Amino acid sequence: MAATFQVNINITAGVDFKQQYTLTGSDMTPTDLTGFVFSGNVAKHECALNATTSTSTSPVWKAMPLTITVPNPTSGVYVISLTAAQTAKLKEGKYVYSVVVTDTTPTTSEVVSGLAFVDKAFGTLTGTTETYSSYY
């Protein structure tokens, strides 16, 4: 596998999130992803533990799993996503994410990682009584 790409993403809480990537070889041709297994997570930081359920001998990581699909394996394209219900559980702020893949040899590699910036959709604000003037 090639080196891990660092790509920062923006996630809006309460809204569906999708990001598409293409895995290529060193010659920039798409990698055939047939038989590859992807997994990934979003977390506040890479060592985030669930303090209420972890023990010193049995850590429980606090992360949200990403859904990863491969719409057409021969194109090298894979898509990471979260539903609106999942993103609604994220508080505003900075997170990290990582996607790893196990190929058919089997070798496991991290293929993309970076920061995930979570904000709240302006259109989802409720319970406000302020009046906003038009800028037109």
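The values are calculated or read from the model by the stated rules, or taken from the named source; none is laboratory data. Bear in mind the structure is a predicted one, so any value in this text is a computation, not a measurement. All Cβ positions, even for glycine, are placed from backbone atoms using ideal geometry, and neighbour counts span all protein chains on display.
Remarks
- Residues of the stretch 77-95 satisfying the condition of being under 30 Å from residue 32 (Cβ atoms), buried (at least 18 other Cβ atoms within 10 Å of the Cβ) and not aromatic (Phe, Trp, Tyr): 80, 82, 86
- Filtered by the rule that a residue be of a type in the set (Ser, Thr, Tyr), part of a strand (DSSP E or B) and at pLDDT below 95, the stretch 23-58 gives a lone residue, 24.
- Subset tally (residues that are surrounded by fewer than 18 Cβ atoms within 10 Å (Cβ to Cβ) and either hydroxyl-bearing (Ser, Thr, Tyr) or assigned to a strand (DSSP E or B) (or both)) for the stretch 97-112: 7
- So residue 119, is it charged (D, E, K, R), under 30 Å from residue 26 (Cα atoms) and at pLDDT 90 or above: no
- Scan the stretch 75-93 for residues that are outside any helix (DSSP H, G or I) and modelled with pLDDT under 95 and the total you get is 6.
- Candidates 113, 109: the one that is more than 18 Å from residue 32 (Cβ to Cβ) and touching a residue at least 12 places away in the same chain (Cβ under 8 Å) is 113.
- Residue identified as modelled with pLDDT of 70 or more and on the phi < 0 side of the Ramachandran plot among 124, 131, 102: 102
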